[in-house]
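The values are calculated or read from the model by the stated rules, or taken from the named source; none is laboratory data. In this text the structure is predicted, and so the values were computed from the model without any measurement. Ideal geometry is used to build each Cβ from the backbone, glycine not excepted, and the neighbour counts take in all protein chains shown. Side chains are part of the model used for accessible areas, which takes the heavy atoms of the whole protein and leaves out ligands, DNA and RNA. Shrake-Rupley method; radii C 1.70, N 1.55, O 1.52, S 1.80 Å.
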Amino acid sequence: MTTSQKRNIPWGVLGPWIALGVTCLFFATQSDRFLSGGNLSLVLQQVMVVGVLAIGQSLIILTAGIDLSCGMVMALGGVVMTKFAVNYGIDPYAAILCGLAVTTGFGLINGLLVTRIKLPPFIVTLGTLNIAFAITQIYSESQTVTNLPSAMTALGDTFNLGSTEVSLGTVTMLLLYALAWFVLRDTAPGRHLYAVGNNPEAARLTGINVDRVLLFVYALAGLFYGIAALLSVARTGVGDPNAGQTENLDAITAVVLGGTSLFGGRGIILGSLVGAVIVGVFRNGLTLMGVASVYQTLITGILVILAVAADQMSRKGAR
């Protein structure tokens with residue numbers, strides 16, 4: 001490892017945390033309500049769907065790919081599981097499994113197109129984004145699914161932690177990040193994923209089946225999109241065919257702000273959680289300040305450009 005690489009590592013790890021701390025400090029000076037337990041819990045509830053999407057997106061970006069379809073695949077999974085339970089009377093747990101199977105299947109299709117036909121991930125997932133959107137609208141007849149069984153909304157329930165209400169969905173998101181962090185850091189599949197993202201040809205020469213790793217990553221990402229769909233259903237209490245239309249960009253934003261390189265091979269999964277929280281903190285804080293939502297979108301876009309520019313400069317400095 002070169003001296004310049006050693007200098008880059010601490011910023012890549014600590015940068016998102018420092019940015020989150022500075023952001024929280026700023027908004028704390030602007031609103032007395034910002035640091036209240038209830039408000040911070042609300043921020044985590046608001047980001048839990050994008051946060052779980054960002055896990056799957058992180059896995060793909062770590063392999064130097066990208067998935068534009070994640071939001072619409074999530075919406076399709078949510079509609080499938082809710083319609084199966086409400087319209088067809090299927091056991092809600094079985095219906096949830098059906099929704100997870102659909103999203104995992106879409107991820108598998110993305111992986112097959114990338115590994116077998118060698119299509120660029122950007123083009124593949126742009127296509128499946130539109131396919132998932134069309135299927136969702138056709139299958140749902142553009143109608144929201146209501147009157148859901150309690151099993152499907154259970155993750156939206158809360159419990160008291162001191163005087164603060166914490167949702168089960170928030171806990172689920174944090175547990176998933178802990179699991180992903182352990183797998184990527186301490187297991188052979190995690191190391192193989194980083195190796196493929198850093199240099200696929202070198203990974204192949206060391207005996208790693210690159211196509212198998214990529215196929216597994218895209219399918220696993222699809223499973224995470226299905227879990228995000230369940231969290232969305234639990235939070236809103238409906239199966240919404242119009243969900244997910246901006247979540248794909250929000251998930252990519254969270255991953256980039258969290259320090260994961262769009263060029264693959266570098267990044268820490270917990271950074272994506274921090275990135276999702278940064279976006280949530282900005283939106284929450286600006287809302288408390290009375291700033292219009294259009295300016296919130298503007299600032300988010302600026303943050304993404306700055307994060308990608310910082311990554312680019314970091315890569316050049318490491319050469």
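Does Thr82 satisfy the condition of being β-branched (Val, Ile, Thr) and buried (at least 24 other Cβ atoms within 10 Å of the Cβ)?
yes
Conditions tested, residue by residue: (1) open to solvent by less than 30 Å² (accessible area, probe 1.4 Å); (2) small (Gly, Ala, Ser).
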residue	(1), (2)
Ala180	yes, yes
Thr206	no, no
Phe216	no, no
Val233	yes, no
Val238	no, no
Ala243	yes, yes
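Select from the range 25-63 the residues that are part of a loop (DSSP other than H, G, I, E, B), modelled with pLDDT under 95 and not aromatic (Phe, Trp, Tyr) and list them in ascending order.
Those that are part of a loop (DSSP other than H, G, I, E, B), modelled with pLDDT under 95 and not aromatic (Phe, Trp, Tyr): Ser31, Asp32, Arg33, Leu35, Ser36.
Out of Ser272, Ser314, Ser261, which single residue is modelled with pLDDT under 90, under 29 Å from Leu214 (Cα atoms) and within 16 Å of the chain's Cα centre (by Cα)?
Unique residue meeting the criteria: Ser261.
Need pairs with beta-carbon distance below 9 Å; first residue in a helix (DSSP H, G or I) and within the range 271-292, second surrounded by 22 or more Cβ atoms within 10 Å (Cβ to Cβ) and among the acidic types (Asp, Glu); sequence gap 6+ or separate chains.
Taking only residues 6 or more apart or on different chains, the pairs are Ala276/Asp250; Val279/Asp250.
Kindly indicate whether any position in the range 135-144 is of a type outside the set (S, T, N, Q) and open to solvent by less than 40 Å² (accessible area, probe 1.4 Å).
Within the range 135-144, none of the residues are of a type outside the set (S, T, N, Q) and open to solvent by less than 40 Å² (accessible area, probe 1.4 Å).
Would you be able to say whether some residue in the range 258-276 is in contact with a helix residue (DSSP H, G or I) (Cβ under 7 Å, 6 or more places away or on another chain), on the phi > 0 side of the Ramachandran plot and open to solvent by less than 10 Å² (accessible area, probe 1.4 Å)?
So far as the range 258-276 goes, yes, one or more of its residues are in contact with a helix residue (DSSP H, G or I) (Cβ under 7 Å, 6 or more places away or on another chain), on the phi > 0 side of the Ramachandran plot and open to solvent by less than 10 Å² (accessible area, probe 1.4 Å).
Do we have Val256 as within 27 Å of Val73 (Cβ to Cβ), modelled with pLDDT under 85, within 19 Å of the chain's Cα centre (by Cα) and not charged (D, E, K, R) here?
no
Residues in the range 154-203 that are charged (D, E, K, R) and more than 14 Å from Gln45 (Cα to Cα): how many?
The number of residues fulfilling the criteria is 4.
Report yes if Gly71 is closer than 22 Å to Gln296 by Cα, in contact (Cβ under 8 Å) with a residue 24 or more places away in the chain, assigned to a helix (DSSP H, G or I) and out of contact with any Asp or Glu (no Cβ under 9 Å at 6 or more places or on another chain), otherwise no.
no
Check whether at least one residue in the range 37-59 is of a type in the set (S, T, N, Q), buried (at least 24 other Cβ atoms within 10 Å of the Cβ) and touching a Ser or Thr at 6+ places or on another chain (Cβ under 6 Å), and report yes or no.
Yes, the range 37-59 has at least one match.
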